[in-house]
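A.B. asks: Sharing a structure here in structure tokens format.
Read-outs: derived from the displayed coordinates by stated rules, not from any lab. Everything numeric here is computed off the predicted structure, so don't read it as measured data. Using ideal geometry, Cβ is built from the backbone for each residue, glycine included, and neighbour counts are taken over all protein chains shown.
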Amino acid sequence: MTDTAEALTAPAGPAPTWPAEFAERYRAAGWWRGQTFGGMLRERAGAHPGRVAVVDFGGPDGSRRTWTYAELDRRADALATGLAARGIGHGDKVVVQLPNVGEFLEVVFALFRLGALPVFALPAHRLSEISYFCRFTGAAAYIVPGEHGGYDYRALATQVLASCPSLRHVLVASDDAGPFEALSEVYARPAPRRTGPSASDLAFLQLSGGSTGVPKLIPRTHDDYLYSLRGSNEICAVTEDSVYLCVLPAAHNFPLSSPGSLGTLHAGGRVVMCPQPSPDTAFRIIQDEGVTLTGLVPPLALVWTEAAPRTAYDLSSLQVLLVGGATFSEEAARRVAPALGCTLQQVFGMAEGLVNYTRLDDDPELRVTTQGRPISPDDEILVVDDEDRPVPVGTTGHLLTRGPYTIRGYWNAPEHNERAFTEDGFYRTGDLVRLTPSGHLVVEGRAKDQINRGGEKIAAEEVENHLLAHASVHDANVVAEPDPYLGERSCAHVILRDGAEPVGAMALKSFLRGRGLAAYKIPDRIVFVDAFPTTGVGKVSKKDLRTAAAPSA
Ligand code: OOB
């Protein structure tokens, strides 16, 4: 048995890890340095106690609040102590569903210090997703805002609690915690802790965009994630003078680590939490806070590019705009720098690991026509055909990757891991790419059964399963169709059951909402058909369905 095969079946825990020879190599190269997130914050707080680490607009009536490094460090400790007093400790899972507020970082660092694992949910997730995360991870606690974006998370928590026996605590980041405990009650006088996690331990579980019936969880370690932050900071020139505006949902891998809020804190810079992404709000904050960099998905980058030339706000502090998460057209990419007066940096990353950036000193053409190259010299990139044979440079193929911050397997998913990873540990990204002679990657498409709705990933199978639960639905297939703003939107093709109660598109959509599915996963369009197109061997041809879904005009 090879090292890799051993690693994939290792009984050490539910997460396959790097074989020893790779771990040794990554340590020897200096990528893994034995640092933990808790240690990192302590170090920064020691070096710059009085510098402002975090700014948000989560005070009464959206008022501004700030945290110095010393305050963030102390409050994370105080929260860790209070959580420990409630029995939350090393290895416990805590589903964190917080919007862009300072408490998000306090909670995350408190859990890091305890060695408890945040499970990063998005504010858009609803009962279906959250109860799955809680049940699948056996979560001990669930942390929510009170109300956010007009939605009451306390009501959601009541439903989640009823279906998740492992949940011992629901904590609400609001003065009005309803039937639950307010997070603000948990902070306690910091007590010395005898043990903490080690750098090779898991730090958190991140969510995969996925292409399967249920979302997959991505186990990331302190060592590997901290390396991706240091690498990102170097490539994006993040220093203690940087001011990062966190516009996208804070828990997503892109705004978390590319270089994101955690990268910025690692550099000793300042993180500004943006309450909402509209140019009106964000441009004012860029001006008032002297924001130097931020990251956006393509649809938002388009909106900002259009709004910038007409704005009265001064955007001159903005040096770098990162754009990634979904395909950004070359034409749109060309418009960014002139409109916003900053450098465009494309980023093609994935929560499973690999992140590619165009470099600030790349040839300007490469910056608009490619999605960058990997962070690490130890990121291994293979572009292969359908039989896993390497294709020549310049030819489109499947992207496989392996490296010092790319996982070797999803958490507790041995069967799926057999398909999603090669025998020697390469992750099958499901992306179709082409390598340029300069070593840059161009994303040409996708082989995975997923819809990328402006950066929000939808696993077709997950939505299909929900549709199939309707008594009148005989079969369903969900595919992407082009959308001028989002890039892609979702279209469900549905065959109704013979003789069943007729049901319309509106009713099916509200059925899906009623099942507690996040709004972005509800199909944008539902079409009723008598049969699906099939391939030569009789399988449903999603390729033909996609063409069928394309608007005829
Ligand atoms: C980021 O992470 P995820 O995990 O939500 O999604 C990863 C997938 C990739 O496999 C690819 O299909 C797509 O999103 N993607 C892009 C892209 N960046 C990501 N497709 C085309 N062009 C791009 N520039 O989306 C993510 C994680 C870290 C940094 C940035 C994005």
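A.B. asks: Which one, Ala459, Val479, Leu545, projects farthest toward the positive side of the charge dipole computed for region 458-553 from Cβ point charges (K/R +1, D/E -1)?
C.D. replies: Ala459
A.B. asks: Summing Lys, Arg as +1 and Asp, Glu as -1, what charge do residues with Cβ under 9 Å from the Cβ of Gly516 carry, Gly516 excluded?
C.D. replies: On the way: positive: Arg126, Arg513, Arg515; negative: Glu129.
Neighbour charge sum, excluding Gly516 itself: +2.
A.B. asks: Normalise the Cα radius of gyration of region 454-547 by 2.2 N^0.38 Å (N = residues in it) and let me know the number.
C.D. replies: Details: Rg = 13.1 Å, N = 94, 2.2 N^0.38 = 12.4 Å.
The reported ratio for this selection is 1.06.
A.B. asks: Something else about it: I want the local charge near Tyr225. Using Cβ-Cβ distances under 14 Å, sum +1 for each Lys or Arg and -1 for each Asp or Glu among the other residues. Walk me through the intermediate numbers first.
C.D. replies: Working: positive: Arg33, Arg220, Arg230; negative: Asp201, Asp223, Asp224, Glu352.
With Lys, Arg at +1 and Asp, Glu at -1, the neighbours total -1.
A.B. asks: Place a +1 charge on the Cβ of each Lys and Arg in region 276-448 and a -1 charge on the Cβ of each Asp and Glu, then give the dipole magnitude about the Cα centre in debye, rounded to the nearest 20. Mind dumping the intermediate values first?
C.D. replies: Details: 15 positive and 25 negative charges, 68 e Å.
About 320 debye.
A.B. asks: Give me a comma-separated list of calculated 3J(HN,Hα) values for region 32-49, in order, Karplus coefficients 6.51, -1.76, 1.60 applied at θ = phi - 60°, integers in Hz, x for any Gly or Pro.
C.D. replies: Those phi angles translate into 9, 10, x, 9, 10, 5, x, x, 4, 5, 4, 5, 5, 5, x, 6, 9, x Hz.
A.B. asks: Right, something else. Fewest first, what order do Met273, Met506 take by the number of other Cβ atoms within 10 Å? Could the numbers behind the result be given before it?
C.D. replies: Details: Met273 25, Met506 9.
With the sparsest Cβ surroundings first, the list reads Met506, Met273.
A.B. asks: Could you pull out every one of the aspartates and glutamates with an alpha carbon less than 12 Å from that of Lys543, ignoring same-chain neighbours closer than 8 positions?
C.D. replies: In chain and number order, the partners are Asp449, Glu481.
A.B. asks: Continuing with this model, one more query. Which order results if His398, His416, His266 are arranged by neighbouring Cβ count within 10 Å, fewest first? Display every interim value, and only then the final one.
C.D. replies: Numbers: His398 20, His416 17, His266 23.
The order, fewest Cβ neighbours first, is His416, His398, His266.
A.B. asks: Let me ask something else. Just need the relative contact order of region 152-211 here, percent rounded to a whole number, with Cα pairs under 8 Å and 6+ apart. Intermediate results must be reported in sequence, preceding the final value.
C.D. replies: Details: 28 pairs, mean separation 11.9, N = 60.
Averaging sequence separation for qualifying contacts and normalising by length gives 20 percent for region 152-211.
A.B. asks: Something else: Among Gly349, Gln371, Ser329, which residue has its Cα furthest toward the positive end of the charge dipole of region 276-448, with +1 on Lys/Arg Cβ and -1 on Asp/Glu Cβ?
C.D. replies: Positive-most Cα among the choices belongs to Ser329.
A.B. asks: Starting at the first residue of region 342-347, write each ³J(HN,Hα) from the Karplus equation 6.51 cos²θ - 1.76 cosθ + 1.60 with θ = phi - 60°, in whole Hz, x for Gly and Pro.
C.D. replies: 9, 8, 7, 10, 7, 9
A.B. asks: Mind checking the dipole of the chain: about its Cα centre, +1 per Lys or Arg Cβ, -1 per Asp or Glu Cβ, Debye to the nearest 20? Can you show the working numbers first?
C.D. replies: Numbers: 52 positive and 65 negative charges, 179 e Å.
About 860 debye.
A.B. asks: Now for a different question. About its Cα centre, how strong a charge dipole does region 454-547 have in debye, to the nearest 20, once Lys and Arg get +1 and Asp and Glu get -1 at the Cβ?
C.D. replies: Details: 12 positive and 13 negative charges, 31 e Å.
With only Lys, Arg, Asp and Glu charged at Cβ, the dipole is about 160 debye.
A.B. asks: Same structure again: Between region 171-195 and region 312-337, what's the alpha-carbon centroid distance in Å?
C.D. replies: 39
A.B. asks: Projecting each Cα onto the charge dipole of the chain (Lys/Arg +1, Asp/Glu -1 at the beta carbon, about the Cα centre), which of Pro523, Ala420, Asn100 comes out farthest on the positive side?
C.D. replies: Working it through, the farthest residue towards the positive pole turns out to be Asn100.
A.B. asks: Quick one: which residues, 5+ away or cross-chain, put their amide H under 5 Å from the amide H of Ala53? H built at 1.01 Å from N.
C.D. replies: Sorted by chain and number, the residues that satisfy this are Trp67, Thr68, Tyr69.
A.B. asks: Students often forget the sequence filter, so: which aspartates and glutamates lie under 15 Å Cα-Cα from Lys509 once same-chain residues fewer than 8 apart are removed?
C.D. replies: By straight Cα distance, Lys509 reaches Glu462, Glu464, Asp524.
A.B. asks: Cβ under 14 Å from Ser163's Cβ, Ser163 left aside: what net charge do those residues give with Lys, Arg +1 and Asp, Glu -1? All intermediate terms of the calculation are to be shown ahead of the outcome.
C.D. replies: Details: positive: Arg126, Arg135, Arg515; negative: Glu129.
Result for the local shell: +2.
A.B. asks: Another one. Could you state the number of Å between the C-alpha centres of region 43-93 and region 350-370?
C.D. replies: 33
A.B. asks: While we're here: Using the Karplus curve 6.51 cos²θ - 1.76 cosθ + 1.60 with θ = phi - 60°, work out ³J(HN,Hα) for each residue of region 428-433 in order, rounded to whole Hz, and write x for Gly and Pro.
C.D. replies: Each residue's phi maps through the Karplus curve to give 7, 5, x, 9, 9, 9 Hz.
A.B. asks: Taking region 33-225 on its own, what percent of its Cα-Cα pair distances exceed 23 Å?
C.D. replies: On the way: 7697 of 18528 pairs.
The proportion of pairs with Cα distances above 23 Å equals 42 percent.
A.B. asks: Using Cα pairs under 8 angstrom and six or more residues apart, how large is the relative contact order of the chain, in percent? Write down the numbers at each step before the final one.
C.D. replies: Working: 1191 pairs, mean separation 66.6, N = 553.
After rounding, I find 12 percent.
A.B. asks: Follow-up question, since we're still on this one. Only counting other Cβ atoms within 10 Å, I'd like Met40, Met350 sorted with the fewest neighbours first.
C.D. replies: Met40, Met350
A.B. asks: Name the long-range amide H neighbours of Asp431: under 5 Å, sequence gap of 5 or more, or other chain; modelled H, no Pro or chain starts.
C.D. replies: Answer set, sorted by chain and number: Leu399, Ala447.
A.B. asks: For a quick check: with amide H placed at 1.01 Å from N, whose amide H comes under 5 Å from Gln450's, ignoring anything fewer than 5 positions away on the same chain?
C.D. replies: Amide H neighbours of Gln450, under 5 Å, 5+ apart: Ala460.
A.B. asks: Here is a follow-up. No partner Cβ under 4.7 angstrom, meaning no disulfide-compatible partner by this rule: which Cys of the chain qualify?
C.D. replies: Cys236, Cys246, Cys274, Cys342, Cys491, each lacking another Cys Cβ under 4.7 Å.
A.B. asks: Pull out a ≥ b ≥ c, the square roots of the eigenvalues of the alpha-carbon gyration tensor of the chain, then state rounded if a/c is under 1.5, prolate if not and a/b is larger than b/c, and oblate in the remaining case. Write out the running numbers ahead of the final one.
C.D. replies: Working: a/c = 1.28, a/b = 1.18, b/c = 1.08.
Rounded is the answer for the chain, as its axis ratio a/c remains below 1.5.
A.B. asks: When only DSSP loop residues count, what trypsin sites (Lys or Arg not before Pro) in region 327-370 have their Cβ near at most 12 other Cβ atoms within 10 Å? Please list the in-between numbers first.
C.D. replies: Values: sites: Arg334, Arg335, Arg359, Arg367; in loops: Arg359.
Here no loop site has a sparse enough neighbourhood.
A.B. asks: Still on this structure: Which whole-number percent is the relative contact order of region 33-225 (Cα, under 8 Å, 6+ apart)?
C.D. replies: Values: 359 pairs, mean separation 42.5, N = 193.
The normalised contact order for region 33-225 reaches 22 percent.
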